[in-house]
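Working notes for the structure below.
The values are calculated or read from the model by the stated rules, or taken from the named source; none is laboratory data. Bear in mind the structure is a predicted one, so any value in this text is a computation, not a measurement. Every residue, glycine among them, receives a Cβ derived from its backbone with ideal geometry; neighbour counts consider all protein chains shown. The area values use the complete protein model at the heavy-atom level, side chains included, leaving out ligands, DNA and RNA. Shrake-Rupley method; radii C 1.70, N 1.55, O 1.52, S 1.80 Å.
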Amino acid sequence: MSDNISINIQKLSLKAKLFRGLADTTRLSILECLRNGEKTTSEIVKETNQNQSNISNHLACLLDCGLVRNRRDGKNVFYNLNNERVAKLLEESDIVLAEIVSGLYKCVNYDDESAILNIRK
């Protein structure tokens, strides 16, 4: 296997890892919440209607993956999207979703009725 093929496989593997990180509705709801600016864990819990433990676990994952960053201010920890490109990725996904939504409704390979119901809201 040549070095170029190996590098391409590594890049594709990392890209797949990125999309797996985005493939969870709770993590996506956190990222969407943070599109409007930095928030504390409590604010994220309230906006996403999830429990504290679940949000904390997903925030740790998003931190480890480099999709969000945090800063401490006294007793509060504030979370924000890691950079503008993460926000742009979410924005672009909205555009793609709007263009292909009918195909997603028909897709039987990735059937997630709860996600489709959330799109309709």
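Miscellaneous remarks
- Here the average projected area of the convex hull drawn through the C-alpha atoms of the stretch 27-69 stands at 2.5 nm².
- Nearest-10 value in Å² for the accessible area of Cys65, using the 1.4 Å probe: 80
- Listed residues Leu18, Leu81, Leu67, most fluctuating in the chain (Gaussian network, C-alpha, under 10 Å): Leu18
- Using only side-chain charges placed at the Cβ, +1 for Lys and Arg and -1 for Asp and Glu, the dipole size of the chain relative to its Cα centre rounds to 300 debye.
- Helical content alone sets the calculated 222 nm signal of the chain at -22000 deg cm²/dmol, taking -39,500 (n - 2.57) per DSSP H segment of four or more residues and averaging over every residue.
- Taking all protein chains as they are arranged and a probe of 1.4 Å, the heavy atoms of Glu91 leave approximately 80 Å² accessible to solvent.
- Note on the stretch 1-49: with neighbouring protein chains present and a 1.4 Å probe, carbon and sulfur make up 53 percent of its accessible heavy-atom surface.
- 10 °C / 1.306 mPa s Stokes-Einstein diffusion coefficient of the stretch 1-82, Kirkwood radius on C-alpha pairs, µm²/s: 115
- Separation of the Lys106 and Leu18 label points, Cα + 7 Å toward Cβ, nm: 2.9
- Span-like helix ranges in the chain, DSSP H, alpha carbon extent 30 angstrom or more, Kyte mean at least 0.0: 84-106
- Solvent-accessible heavy-atom area per residue, rounded to whole Å², over the chain at 1.4 Å: 72
- GNM top mover of Ile44, Ile30, Ile95 - the chain, alpha-carbon springs below 10 Å: Ile95
- Checked against a 22 Å cut-off, the cross-linked pairs Lys11/Lys88; Lys17/Lys39; Lys15/Lys88; Lys17/Lys106; Lys39/Lys75; Lys46/Lys106 give Cα-Cα distances beyond that limit for Lys17/Lys39; Lys17/Lys106; Lys46/Lys106.
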